[in-house]
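One structure is given here, and the rest of the page talks about it.
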Amino acid sequence: MLTNDVDKGKVFFKRISVLFGVELFLILMLVLRLYYLQVVESHKYKMMADENRMSMRLIAPQRGIIVDRFGHPLALNVQNFRALLISEQAGKYLDSTLNDFSKIIPLSEGELERIKKEIKRKRSFMPVTVKENISWEDMARIQMNLPDLPGIIIDEGLSRYYPYQSVTHAVGYVGPVNDADIASDEDPLLDLPGFRVGKMGIEEYFEKELRGVAGSRRVEVNAVGRVIREISRVESKMGEKITLTIDLRLQEYISRLFKRDVGAAVVMDVKTGEVLAMVSEPTFDANLFNLGLSKDDWEAIRNSPFAPMTNKAISGVYPPGSTFKMVVALAALESKAVTKDDIIHCKGFIDFKGHRVNCWKRGGHGDVNMFKAIKESCDTYFYEVALKTGIDKISEMAFKFGLGEKTGITLTNEKEGIIPTREWKIVNEGRSWQTGDTINVGIGQGSVLSTPLQLALMTARIANYGIPISPTIIKKEGSEENEKLKPIEVSQSNLQLIRDAMVAVVNDHNGGTAFTSRLSIPNIKMAGKTGTSQVRRIKDRRLKLHEITYKERDHALFVAYAPINNPKYTVAVIVEHGGGGSSSAAPIAKAIMEKTISLDPTNPNQTSILQ
């Protein structure tokens with residue numbers, strides 16, 4: 001009996017020892033684990049704790065401003081109150097929050113759609129813009145109702161403002177970030193609520209330079225994410241200031257000149273290539289895209305038959321009409337297809353393969369040499385000369401003077417235009433070049449298309465004795481690059497003939513097609529060339545302008561330079577469906593040139609700002 005009790009005690013003791021050993025082992029492991037966590041990896045977990053307690057927030061930089069050549073602001077930043085929504089904080093009350101907010105400040109269906117789309121796209125703790133450009137009164141009303149608007153916060157920032165509509169096409173505008181922007185740009189700034197990116201013009205072309213560099217701030221937050229205090233801050237860096245070559249005074253003046261006309265005008269310095277004005281009419285208010293464009297406003301802009309969002313100066317392509325005749329003349333002289341003294345008799349038409357091709361002057365111009373043909377814009381002469389010269393020489397000369405390819409100006413959506421060649425005809429129309437095609441090209445019709453900027457460039461290269469300048473809209477110091485440019489390989493005597501004929505176009509009362517648009521400034525003359533390009537063939541050319549449907553009227557063009565002895569400025573004007581170049585475009589160009597000269601820094605009688 002005693003033996004059994006002793007055996008049972010031994011077993012019990014063994015079991016107790018094992019249990020005690022296990023407990024001791026577990027306690028030892030726990031101590032070691034605590035030591036590992038609290039001592040060995042204390043730094044790691046301290047950092048993790050700090051990360052939960054601390055939060056890094058991006059600071060959006062101020063967007064760089066855009067100014068004209070004299071520093072007048074064309075795009076600037078103004079104070080902006082906005083309401084933001086953090087969906088994580090709104091939680092299950094998201095829909096009711098938006099409904100209650102709409103009772104304070106109405107939200108359209110489009111705005112609600114946009115808000116919900118952004119909420120799905122962004123992480124739940126990222127703010128989404130509900131309403132921007134809130135007035136002080138509305139902001140106060142929201143503040144009073146914040147307890148009933150979970151997730152809504154009021155933020156103060158900066159909004160883009162465009163004071164002048166005349167420069168909208170050149171300056172461009174900023175708009176909300178879309179999916180395409182995010183796909184092409186990994187900058188985390190694009191995730192910030194209300195962030196804007198350039199959508200057109202300078203704003204788009206120089207987006208990265210204007211955007212600036214983000215700053216950051218390290219803040220301490222509580223368990224629900226509310227900011228308790230700021231720990232540290234790195235300030236953002238404002239975007240670059242962009243100075244344009246545009247003269248705002250001239251830009252505003254030209255915009256008013258167009259009144260209800262549709263078209264474009266370009267003013268360029270023939271020596272430096274600086275664009276002093278680039279007007280496209282009609283224009284639109286860029287602020288609408290920043291303040292919130294209503295559906296009706298967008299439909300009105302998008303569906304307008306006059307394409308207000310198209311920068312017609314660089315994206316509008318038109319048959320150059322008779323303004324192209326200078327290129328044809330130079331090609332003929334340089335290739336020796338004709339001489340300046342060769343006479344061609346104009347009887348008002350030519351017969352070509354059984355078809356009659358008319359000159360604009362029904363009775364004809366009689367005997368015509370090159371000088372008279374340019375001065376009086378004789379079509380018959382250029383039909384014949386184009387046939388003798390051939391498309392190869394004509395297209396080669398056109399490319400030399402800046403037609404048929406992008407000028408390289410730092411703006412988005414520039415068009416190349418078209419200077420047709422034999423290869424172009426096969427590729428684009430699937431057939432070989434025909435002689436009849438050359439006839440049309442001879443007067444700037446057919447497949448020839450150019451932009452107003454290209455026509456201004458062509459005229460500048462004629463005026464500056466063949467220096468192949470390129471247009472620029474960004475103001476730079478000096479013009480050393482242009483001084484090193486090698487002149488176009490063309491005879492100076494031939495160029496002089498073209499310039500003399502252009503002088504006669506404006507100043508010769510005996511047949512000059514733009515004589516009524518000569519300058520009224522004493523001792524200063526302008527040289528130019530009228531152009532009228534057909535949109536659709538009109539059977540009866542005797543009809544008055546008002547008797548022709550608007551869309552069937554000819555485009556009116558005019559190119560010019562001045563002063564004639566020391567050329568400094570060139571102007572190109574197109575009036576869509578304006579009828580004749582001499583009646584519609586030339587008077588506008590005259591007024592533009594007179595204003596440009598009056599604003600010349602060397603002119604002691606400059607007009608005041610925006611006069």
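No value in this document is a laboratory result; all are computed from the given coordinates. All figures in this text were calculated on a predicted structure; none of them were measured in a lab. Note: ideal-geometry Cβ built from the backbone for every residue, glycine included; neighbour counts use all protein chains shown.
Relative to the longest principal axis of the C-alpha atoms of the chain, give the angle of the C-alpha long axis of helix 2-35, reported between 0 and 90° and rounded to the nearest 10°. Roughly 30 degrees between the two axes.
The GluC sites (Glu not before Pro) of region 401-441 that DSSP puts in a loop, and whose beta carbon has at most 16 other beta carbons within 10 Å, are Glu405, Glu416. Amide H to amide H, with H built 1.01 Å from N, Tyr569 comes under 5 Å of Val270, Ala562, counting only residues 5 or more places away or on other chains. Couplings 3J(HN,Hα) of region 433-447, computed from phi: 5, 10, 4, x, 5, 5, 4, 4, 4, x, 10, x, 10, x, 8 Hz, in residue order, whole Hz [Karplus 6.51 cos²θ - 1.76 cosθ + 1.60, θ = phi - 60°; x for Gly and Pro]. Compactness of region 411-513 was expressed as the Cα radius of gyration divided by 2.2 N^0.38 Å, which yields 1.36. Distance between the 7 Å Cα→Cβ label points at Thr549 and Arg431: 2.5 nm. Amide H to amide H, with H built 1.01 Å from N, Arg233 comes under 5 Å of Arg218, counting only residues 5 or more places away or on other chains.
Out of these labelled values of volume of the Cα convex hull per residue in Å³, [x] 146; [y] 264; [z] 169, which was calculated from the coordinates shown here? Correct label, based on the coordinates given: [y].
For the pair Phe306 and Leu30, the difference between a 0.36 nm per residue extended length and the Cα-Cα distance amounts to 91.3 nm. In this structure the amide hydrogen of Asp261, modeled in the peptide plane, comes within under 5 Å of no amide hydrogen from residues 5 or more places off or on another chain. Note that region 421-426 has calculated 3J(HN,Hα) couplings of 10, 4, 5, 4, 4, 5 Hz, one per residue in order, obtained from phi through the Karplus relation 6.51 cos²θ - 1.76 cosθ + 1.60 (θ = phi - 60°); glycine and proline are x. Put the Cα centre of region 275-325 next to the Cα centre of region 447-462 and the gap is 19 Å. Packing-based ranking of 339-347, 567-575, 26-34 yields 567-575, 339-347, 26-34, ordered from highest to lowest mean Cβ neighbour count within 10 Å. Compared with the alpha-carbon gap, the fully stretched path from Ala214 to Arg141 is longer by 23.1 nm at 0.36 nm per residue.
Using R₀ = 30 Å, calculate the FRET efficiency as 1/(1 + (r/R₀)^6) where r is the Cβ-Cβ separation of Ser470 and Asp600; round to 0.05.
Calculated value: 0.85.
Applying the Karplus relation 6.51 cos²θ - 1.76 cosθ + 1.60 with θ = phi - 60° to region 62-71 yields 3J(HN,Hα) values of 5, 6, x, 8, 10, 10, 7, 4, 9, x Hz, where x marks Gly and Pro.
So which of Lys336/Lys361; Lys295/Lys475; Lys336/Lys551; Lys271/Lys595 end up more than 30 Å apart by C-alpha? Result: Lys295/Lys475; Lys336/Lys551 exceed 30 Å. Legend: distances between Cα atoms for Lys347/Lys372; Lys122/Lys208; Lys400/Lys529; Lys529/Lys568; Lys340/Lys372; Lys340/Lys393; pairs beyond 21 Å are Lys122/Lys208.
Above 24 Å, the calculated P(r) of region 131-243 contains 44 percent of its Cα-Cα pairs.
Taking each residue as 0.36 nm, the span from Arg123 to Phe399 lengthens on full extension beyond its C-alpha to C-alpha distance by 94.1 nm. The angle between the Cα long axis of helix 452-463 and the longest principal axis of the Cα atoms of the chain comes to about 50 degrees, rounded to the nearest 10.
Rounded to the nearest 10 degrees, the inclination of helix 379-389 to the longest alpha-carbon principal axis of the chain is 80 degrees. If R0 is 35 Å, the Cβ-Cβ spacing of Asp155 and Glu416 corresponds to a FRET efficiency of close to 0.20.
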